[in-house]
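Worksheet: the structure to be examined is printed underneath.
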2 protein chains.
Amino acid sequence: MKVIFNKTDLIDATNIVLKAVSSKTTMPILTCILIEAANEEIKMTGNDLELAIETKVSGIISEEGSIAVDAKLFSDIIRKLPEGNITIAQVGEVINISCEKSNFNIQGKNAEDFTRFPSIETNEYICISEFTLKDVVRQTIFSVAQNDNNKLMTGELFEIEGDNLKVVSLDGHRISIRNIKLRENYKQKKVIIPGKTLLEISRIIPGDSEKDVYIFFSDNYVVFEFGNTVVLSRLIEGEYFKIDKMLSSDYEVKMTVNKKDFLESIDRSLLLVRESDKKPIVMNISDEKLDVSMNTVIGTLKEEIEIKKEGKDLKIGFNPRFLSDALRAIDDEEVDIYMVNAKSPCFIRDNDNSYIYFILPISFIA
Amino acid sequence: MKVIFNKTDLIDATNIVLKAVSSKTTMPILTCILIEAANEEIKMTGNDLELAIETKVSGIISEEGSIAVDAKLFSDIIRKLPEGNITIAQVGEVINISCEKSNFNIQGKNAEDFTRFPSIETNEYICISEFTLKDVVRQTIFSVAQNDNNKLMTGELFEIEGDNLKVVSLDGHRISIRNIKLRENYKQKKVIIPGKTLLEISRIIPGDSEKDVYIFFSDNYVVFEFGNTVVLSRLIEGEYFKIDKMLSSDYEVKMTVNKKDFLESIDRSLLLVRESDKKPIVMNISDEKLDVSMNTVIGTLKEEIEIKKEGKDLKIGFNPRFLSDALRAIDDEEVDIYMVNAKSPCFIRDNDNSYIYFILPISFIA
């Protein structure tokens with residue numbers, strides 16, 4: 001193999017496939033990326049066996065071939081090379097990387113040892129803008145469960161019905177729901193996509209609102225196609241939680257609050273909470289006023305926030321991190337929070353349910 | 001105590017004194033800063049017993065007093081408060097921090113337990129610009145020894161003779177020397193200032209070339225005064241190394257090289273060196289050309305750099321990190337490197353010796 005790249009193109013493509021390279025692994029081949037030059041096309045691939053990313057990169061092929069190379073080292077080297085075209089040549093399992101008067105030789109690995117992309121049937125799909133996909137991941141990923149105790153909770157539900165895409169994540173204490181209007185009607189579909197896949201995608205997708213992502217579904221896989229890049233991930237198998245019966249539009253208190261004021265107040269209360277602590281922020285809701293308080297071994301905080309309120313007065317406690325996560329995911333200036341009593345969840349939602357954040361309260365000493 | 005601050009003033013002052021607060025200590029009082037309001041002056045102090053920083057901050061004193069407060073928590077709280085004036089009131093050992101409708105109560109500590117600034121005689125001093133002090137620390141601090149095996153090597157020599165300030169640091173493998181022309185003549189003086197002190201000073205000093213720093217010397221202490229801030233540090237006791245006999249202006253090879261090209265090449269060679277490795281970068285100096293090579297288990301690098309050369313050809317090896325550190329500290333576009341043979345140190349210096357970087361070579365397999 002011998003290929004000549006423009007430096008910027010090569011760095012961009014490497015950054016993309018790096019997202020599917022394991023840093024912690026006992027299998028050296030998983031720390032590699034694959035470079036393939038064949039049929040007038042240069043492809044780079046990363047594959048950590050859960051997630052695989054393949055991207056095309058432009059360049060001049062003067063000799064076809066393929067080789068795997070340590071991803072971190074390769075990435076560091078090309079970044080530090082002088083400005084100019086970068087030539088990558090393979091001599092046996094040695095990779096020669098040269099640019100101007102700089103000449104590196106490093107050990108490569110046999111391309112045959114690299115796990116290829118499985119080829120899969122993909123006749124079902126949806127199409128959304130890069131911006132929408134990136135945004136919906138940001139708005140829901142935080143309430144995916146952090147540990148593997150329940151595999152289903154580590155993924156997000158993508159449910160398509162007609163022209164609606166519903167994205168759901170939950171971790172046992174809270175549920176995040178986003179409803180997105182699609183541009184056309186699609187066949188009914190329900191899949192659970194690993195949170196890690198969505199996080200990595202949201203990192204590599206440029207987020208252009210004018211550019212589209214095609215999401216293809218097979219029985220076991222989901223494939224994202226955008227720009228020159230294809231991302232493939234296993235789906236999580238199983239039946240997702242039935243959340244509809246947990247959602248209710250009944251309420252006894254509706255509070256409308258300025259999002260920024262409320263969020264800043266919660267962030268301040270977090271200064272008094274140690275990482276392992278589960279101290280509630282106590283909200284005392286009365287007419288036109290929300291009293292917020294936090295009381296820990298470190299100190300106390302009391303704040304007063306202006307609100308609009310409908311319904312009865314209520315004193316209720318929440319995990320401040322959960323409130324903070326949900327509020328950060330909302331772009332509205334004012335948010336409506338619906339509650340029933342101190343033992344029932346609150347719902348932060350807009351009028352047309354484009355977002356619903358469900359958070360369970362925690363008990364507090366009155 | 002009750003004092004009202006402008007938020008920005010209070011944050012700036014806190015950031016300064018934070019530099020003298022221990023994060024790792026078993027004595028809780030050392031994690032605190034002291035706030036004192038007396039005689040129409042508000043002072044904040046940090047003191048980790050090696051380094052003490054005191055700064056004045058403007059504010060309105062409505063009740064005099066003093067209290068110590070956990071530095072990290074205090075800093076986090078004032079940063080997160082809403083825009084507006086911040087009132088700090090002391091009620092017993094509780095500190096009340098309030099701003100707009102936000103109201104924190106945290107535990108303080110008795111000001112009496114805080115270690116005060118020692119008062120010291122300071123009749124000898126020099127005066128240099130903030131910019132010069134900040135710059136000379138940057139240009140020398142890297143060759144201070146990282147471990148305590150030899151206490152003298154953890155400090156920098158500041159030697160004043162007439163209108164010349166010589167700053168020296170060394171770690172047994174290299175020596176960095178800077179000579180600075182002072183604006184007037186001062187009394188002869190030689191002190192060893194702890195590297196840590198200089199590093200922290202260089203972080204808090206604004207670096208204005210129009211503003212001056214006064215450096216006062218006593219037998220055991222050095223005091224830096226600039227703006228509203230006073231920094232006090234113990235000196236390192238002992239006789240500094242006699243370096244003059246190690247310096248020689250004889251040479252058999254003089255190489256002139258573009259600093260940026262050489263530095264980039266060295267940085268690339270470092271990609272092949274693991275942290276614990278002591279692999280040399282081998283420089284093969286011939287007429288008009290420098291061949292640089294690095295050979296490790298990770299791979300090999302060969303580069304060619306244009307140079308101007310006087311004297312014989314030479315092949316010599318250096319720790320690439322030491323070369324890189326010295327070159328980074330030099331602002332010239334072209335540097336002159338003087339060598340004798342493969343076993344003798346190189347000197348990177350300019351014509352008037354405003355800087356001299358001495359680096360010992362390391363042996364290599366030819």
task = Would you be able to say whether some residue in segment A:269-284 is under 30 Å from A:L133 (Cβ atoms), outside the structural domain of A:N179 (by TED's automatic domain parsing) and not charged (D, E, K, R)?
result = yes
key: Filter result for B:D277 (under 32 Å from the mean Cα position of the chain (by Cα) and without any contact (Cβ under 8 Å) to a residue 24 or more places away in the chain)   = yes
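Going by what's in this entry, would A:Y240 be described as surrounded by fewer than 18 Cβ atoms within 10 Å (Cβ to Cβ), aromatic (F, W, Y) and over 30 Å from B:L73 (Cα atoms)? Can you show your working first?
Details: surrounded by fewer than 18 Cβ atoms within 10 Å (Cβ to Cβ): no; aromatic (F, W, Y): yes; over 30 Å from B:L73 (Cα atoms): yes.
Here the answer is no, as A:Y240 does not meet what is asked.
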Residues located in segment A:47-64, provided they are within 34 Å of the chain's Cα centre (by Cα), farther than 14 Å from A:N6 by Cβ and surrounded by fewer than 16 Cβ atoms within 10 Å (Cβ to Cβ) = A:L49, A:E50
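Right, B:I53: β-branched (V, I, T), under 26 Å from A:R268 (Cβ atoms) and at pLDDT 95 or above or not?
Working: β-branched (V, I, T): yes; under 26 Å from A:R268 (Cβ atoms): no; at pLDDT 95 or above: yes.
Answer is no for this residue.
If I filter segment A:25-36 for residues that are among the charged types (D, E, K, R) and out of contact with any Asp or Glu (no Cβ under 9 Å at 6 or more places or on another chain), do I get at least one hit? Steps first, answer last, please.
Taking segment A:25-36 as the starting set, the residues that turn out to be among the charged types (D, E, K, R) are A:36.
Restricting the remaining residues to those that are out of contact with any Asp or Glu (no Cβ under 9 Å at 6 or more places or on another chain) gives none.
Looking through segment A:25-36, none of the residues is among the charged types (D, E, K, R) and out of contact with any Asp or Glu (no Cβ under 9 Å at 6 or more places or on another chain).
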key: Pairs with Cβ under 7 Å, 6+ apart, first in segment B:228-239 and more than 18 Å from B:V213 (Cα to Cα), second among the small types (G, A, S) and at pLDDT 95 or above   = B:I236/B:G155
key: Residue count for segment A:141-188, restricted to those that are in contact with a Lys or Arg (Cβ under 9 Å, 6 or more places away or on another chain) and free of Cβ contacts under 8 Å to residues at least 12 places away in the same chain   = 0
request  = Name the residue, out of A:N110, A:N39, A:N96, that is polar (S, T, N, Q) and touching a Phe, Trp or Tyr at 6+ places or on another chain (Cβ under 9 Å).
outcome  = A:N96
task = Kindly list, by first and then second residue, each pair from a residue in segment B:189-202 that is in the same structural domain as B:D135 (by TED's automatic domain parsing) to a residue that is basic (K, R) and at pLDDT 95 or above, limited to pairs with Cβ atoms under 7 Å and residues at least 6 apart or on different chains.
result = B:S202/B:K134; B:S202/B:R138
key: Index of the failed condition, B:S102 passing every other in (1) within 14 Å of another protein chain (Cβ to nearest Cβ); (2) among the polar types (S, T, N, Q); (3) surrounded by fewer than 21 Cβ atoms within 10 Å (Cβ to Cβ)   = (3)
Segment B:65-99, residues that are among the acidic types (D, E) and crowded, with 20+ Cβ neighbours inside 10 Å = B:D70
message = So if I check each of B:V292, B:V282, which one is over 24 Å from B:D244 (Cα atoms), in contact (Cβ under 8 Å) with a residue 40 or more places away in the chain, buried (at least 19 other Cβ atoms within 10 Å of the Cβ) and within 33 Å of the chain's Cα centre (by Cα)?
response = B:V282
ask   = Is segment A:323-342 home to any residue that is of a type in the set (K, R), touching a Lys or Arg at 6+ places or on another chain (Cβ under 6 Å) and either surrounded by 18 or more Cβ atoms within 10 Å (Cβ to Cβ) or closer than 21 Å to B:I77 by Cα (or both)?
value = no
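Here is a yes/no grid of residues against (1) touching a helix residue (DSSP H, G or I) at 6+ places or on another chain (Cβ under 6 Å); (2) in the same structural domain as A:G207 (by TED's automatic domain parsing); (3) assigned to a helix (DSSP H, G or I); (4) of a type outside the set (S, T, Y):
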position	(1), (2), (3), (4)
A:A68	yes, no, no, yes
A:F74	no, no, yes, yes
A:I88	no, no, no, yes
A:F104	yes, no, no, yes
A:G108	no, no, no, yes
A:P118	no, no, no, yes
A:T132	no, yes, yes, no
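For the condition in contact with a Gly (Cβ under 7 Å, 6 or more places away or on another chain) and closer than 28 Å to A:N228 by Cα, what is the one hit in A:F158, A:F131? Write out each step before concluding.
Values: A:F158 fails: in contact with a Gly (Cβ under 7 Å, 6 or more places away or on another chain).
Result of the check over A:F158, A:F131: A:F131.
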ask   = Since A:F74 meets every condition but one in (1) of a type outside the set (D, E, K, R); (2) within 14 Å of chain B (Cβ to nearest Cβ); (3) on the phi > 0 side of the Ramachandran plot, which condition does it not meet?
value = (3)
key: Those residues of segment A:175-203 which are over 17 Å from A:I128 (Cβ atoms) and crowded, with 22+ Cβ neighbours inside 10 Å, in sequence order   = A:I175, A:S176, A:I192, A:G195, A:E200
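Conditions tested, residue by residue: (1) under 21 Å from A:N258 (Cβ atoms); (2) assigned by TED's automatic domain parsing to the domain that holds A:G172; (3) hydrophobic (A, V, I, L, M, F, W, C).
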position: A:L290; (1), (2), (3): yes, no, yes
position: A:V297; (1), (2), (3): no, no, yes
position: A:L301; (1), (2), (3): yes, no, yes
position: A:I307; (1), (2), (3): yes, no, yes
position: A:I316; (1), (2), (3): yes, no, yes
position: A:V335; (1), (2), (3): yes, no, yes
position: A:S344; (1), (2), (3): no, no, no
position: A:Y355; (1), (2), (3): yes, no, no
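Go through B:D76, B:D70 for me and flag whichever is charged (D, E, K, R) and without any contact (Cβ under 8 Å) to a residue 12 or more places away in the chain.
On the way: B:D70 fails: without any contact (Cβ under 8 Å) to a residue 12 or more places away in the chain.
From the options B:D76, B:D70, the qualifying one is B:D76.
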request  = Give segment B:130-147 a look and list any residue that's in contact with a Ser or Thr (Cβ under 7 Å, 6 or more places away or on another chain) and surrounded by fewer than 19 Cβ atoms within 10 Å (Cβ to Cβ), or say none.
outcome  = B:F131, B:R138, B:A145
task = Filter segment A:7-28 down to the residues that are surrounded by fewer than 16 Cβ atoms within 10 Å (Cβ to Cβ) and in contact (Cβ under 8 Å) with a residue 60 or more places away in the chain, then identify the one that is farthest from A:T197 (Cα to Cα).
result = A:P28
query = What residue, of B:S22, B:S66, is of a type in the set (S, T, Y) and either at pLDDT 95 or above or closer than 17 Å to B:S102 by Cβ (or both)?
reply = B:S66
message = I'm trying to understand the selection: among the residues of segment B:110-129, which are exposed (fewer than 13 other Cβ atoms within 10 Å of the Cβ) and under 24 Å from the mean Cα position of the chain (by Cα)?
response = B:P118
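The values are calculated or read from the model by the stated rules, or taken from the named source; none is laboratory data. Note that this is a predicted model, so its numbers are computed, not measured. Methodologically, a virtual Cβ is constructed for each residue, glycine included, from the backbone with ideal geometry; neighbour enumeration extends over all protein chains shown.
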